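One structure is given here, and the rest of the page talks about it.
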Amino acid sequence: MQIIPHKGTHMIGGTCVELRAEGQGLLLDMGMPLVNPNGTEFDENTVKRPIEKLMADDILPRVPGLYDKSECNLAGIVLTHAHRDHFGLSQFVKPDIPIFAGQTTADLIGAIRLFFPDQLDPARLTIIKAHWQPVTVGPFTIKSHPVDHSAPGAMAVEVEAAGKKVFFTGDLRAHGYKYRTFENLLKNPPKNVDAMLMEGSSLGRGPTEYAYPDESSVKEALINEIKDDPNLVLLFCSSQNVDRVVSACRAAQATGRELVMDYYTAYILYLLKNTSRNIPQFFWDEVRLLSWPWHVHALEENGHKGFVITLNNKGGTVKPEEIFNNPDKFLVLAKPNRTLPTLTKGLGADQITCMWSMWSGYLKDPEKNFAAFLRTKNIPDGQIKHIHTSGHATIKDLGRLVKAVNPGLLIPIHTFHPDDYDQFIDPARVKVLNDGDVWEI
């Protein structure tokens with residue numbers, strides 16, 4: 001078997017790895033970059049360029065026949081989860097190449113497509129229906145392993161072909177509310193792994209970059225910060241980070257506040273309602289809804305008019321005027337976008353508490369909406385409270401995973417620090433590859 005990492009050997013995001021055996025290939029993820037080669041933030045509008053331009057600019061993986069009518073010997077593509085840095089270029093794949101994913105990943109990609117219609121159509125996906133069960137894709141036999149990550153439904157992938165076995169971790173961690181999946185992976189790891197492609201997002205981070213070691217500590221921090229705060233609290237987090245939404249809801253319940261979410265967030269949580277009874281739903285008494293016209297339009301235009309009617313009839317919609325009159329009543333799941341001026345109209349800097357609960361890198365661009373909001377409200381950067389835990393495994397937990405799997409070869413992926421992997425295993429068993437390299441096992 002050959003391993004060809006097309007993208008992701010020296011950066012976080014843009015992951016795409018090809019395995020080749022018996023004349024056919026299998027792609028593991030096909031992600032959009034998060035950063036440019038010079039380290040600046042990748043402009044997601046770049047992917048609106050023609051395919052020929054994206055290939056010339058070395059953004060699309062160079063896989064013969066993947067995008068045009070020429071012959072392609074790929075047996076399929078496996079997407080590990082619904083973060084765009086893992087699936088965000090898969091929409092360019094020609095329609096006769098099968099793409100595999102879990103049901104939750106398919107649902108979330110569909111939700112993302114409401115607002116990014118140029119993304120992959122989930123109708124194209126072949127659903128992997130059960131974890132740990134073998135699925136045959138050409139000469140490859142794949143098994144999925146559920147993992148803890150900030151994206152619901154994330155999985156690692158075990159691949160066998162030509163008498164060899166590769167284990168691809170995707171993105172994973174051990175400190176979310178689904179931490180038991182990581183512990184189960186340690187207890188029941190794939191056996192006789194010839195090569196493990198392991199993410200290393202946490203490598204290179206300072207020990208104080210994330211002050212909160214796990215999701216439970218985030219929840220407790222939210223409660224402690226909110227309980228005596230007379231201000232409107234804006235919690236900036238991703239709608240897809242369901243663990244964080246659960247923590248926010250528990251903090252709202254503990255502090256007597258109502259949790260406010262927009263229709264898009266309500267839709268995502270409703271899609272996931274059967275995966276856990278702990279996921280907040282729009283019909284819960286403590287949940288209030290914000291109705292933005294573009295959310296309503298996107299839902300209705302994509303066949304969800306009935307859901308919009310249900311939300312409207314719930315009777316829990318909150319108006320900005322009510323928030324202005326009762327700021328200490330609400331914990332708002334906010335987005336760093338154009339809604340902020342309307343949401344905080346009439347409130348001064350001393351009446352607003354901003355809690356940032358996402359990767360700190362998203363704060364670096366001074367031209368973004370959030371930076372403009374802070375300037376308009378005269379809120380200094382030092383007044384933002386950072387309450388976040390990573391979606392990626394700590395260095396300690398990565399070491400535990402390597403010890404449990406004990407691969408013949410450890411290959412860095414999804415990391416800025418591939419040279420640091422020799423701390424996990426005998427350096428002779430670490431193989432640092434570059435994008436485009438071909439390595440045979």
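Odds and ends about this structure:
- If the chain linking Asn406 and Phe116 were pulled fully straight, counting 0.36 nm for each residue of separation and taking away their Cα-Cα distance, it would gain 100.4 nm.
- The stretch 128-133 - phi-based ³J(HN,Hα) in whole Hz, Karplus 6.51/-1.76/1.60, Gly and Pro as x: 7, 7, 8, 5, 6, 9
- The amide H of Glu258, built 1.01 Å from its N in the peptide plane, has Phe330, Leu331 as neighbours under 5 Å, considering only residues 5 or more places off or on other chains.
- If you run the Gaussian network model on the chain, springs between alpha carbon atoms under 10 Å, then out of Leu271, Leu27, Leu290 the most flexible one is Leu271.
- By the rule of a C-alpha distance below 16 Å, with chain neighbours fewer than 8 residues away ignored, the lysines paired with Lys219 are Lys178, Lys227, Lys385.
- The label point for Asn302 and the one for Asp43, both projected 7 Å from the Cα toward the Cβ, are 2.5 nm apart.
- Pairwise inverse Cα distances across the stretch 335-376, averaged and inverted, put the Kirkwood hydrodynamic radius at 11.1 Å.
- Derived value for the stretch 220-284: Kirkwood hydrodynamic radius 12.3 Å. Basis is the mean of 1/r over every pair of different alpha-carbon atoms.
- Its relative contact order, with pairs defined as Cα atoms under 8 Å and 6+ residues apart, puts the chain at 20 percent.
- Relative to the dominant Cα principal axis of the chain, helix 215-226 is inclined by about 20°.
- Distant-in-sequence amide H partners of Leu74 (H built 1.01 Å from N, under 5 Å): Gly25
- For Lys403, a cut-off of 16 angstrom between C-alpha atoms picks up these lysines, skipping any fewer than 8 places away in its own chain: Lys187, Lys191.
- Computed magnitude of the charge dipole of the stretch 215-386 (debye, nearest 20; Cβ of K, R +1, Cβ of D, E -1): 220 debye
- Compared with the dominant principal axis of the Cα atoms in the chain, helix 395-405 is inclined by about 40°.
- Residue-wise HN-Hα coupling along the stretch 354-359, computed from phi with Karplus coefficients 6.51, -1.76, 1.60 (Hz; x: Gly, Pro): 9, 10, 8, 10, 9, 4
- Cα-based helix-to-principal-axis angle, 103-113 vs the chain, degrees rounded to 10: 60 degrees
- Scanning residues 5 or more positions from Leu410 or on other chains, those with amide H under 5 Å from its amide H are Met196, Val430, Lys431, with H placed 1.01 Å from N in the peptide plane.
- Beta bridges per DSSP, both residues in the chain: antiparallel share near 45 percent.
- Residue among Gly153, Gly25, Gly39 with the largest mean-square fluctuation in a Gaussian network model of the chain, springs linking Cα atoms under 10 Å: Gly39
- The chain - mean residue ellipticity at 222 nm from DSSP helices (-39,500 (n - 2.57) per run, n ≥ 4, rounded to 500): -7000 deg cm²/dmol
- Cα lying deepest toward the dipole's positive end in the stretch 1-141, options Trp132, Val35, Pro5, charges on Cβ: Trp132
- Counted by neighbouring Cβ atoms within 10 Å, the residues Ile99, Ile77 run from fewest to most as Ile99, Ile77.
- Farthest towards the positive end of the charge dipole of the stretch 151-194, among the residues Asn184, Thr169, Ala154, is the Cα of Asn184, using unit charges on the Cβ of Lys, Arg, Asp and Glu.
- Percentage of interatomic Cα-Cα distances in the stretch 223-357 larger than 28 Å: 11 percent
- Projected area averaged over orientations for the stretch 353-418, convex hull of C-alpha atoms, nm²: 6.2 nm²
- Kirkwood Rh in Å, taken over the chain so that all alpha-carbon pairs contribute: 22.8 Å
- Note on Lys94: lysines with a C-alpha under 21 Å away, same-chain residues under 8 apart excluded, are Lys7, Lys48, Lys53, Lys69.
- A Cβ-based charge dipole, computed about the Cα centre of the chain with Lys and Arg at +1 and Asp and Glu at -1, lands at about 840 debye.
Each reported figure results from applying straightforward, stated rules to the coordinates on display, with no laboratory input. Note that the coordinates shown come from a computational prediction; the quantities given were computed from them, not determined experimentally. Heads up, the Cβs are rebuilt from the backbone with ideal geometry, glycines too, and the neighbour counts pull from every protein chain shown.
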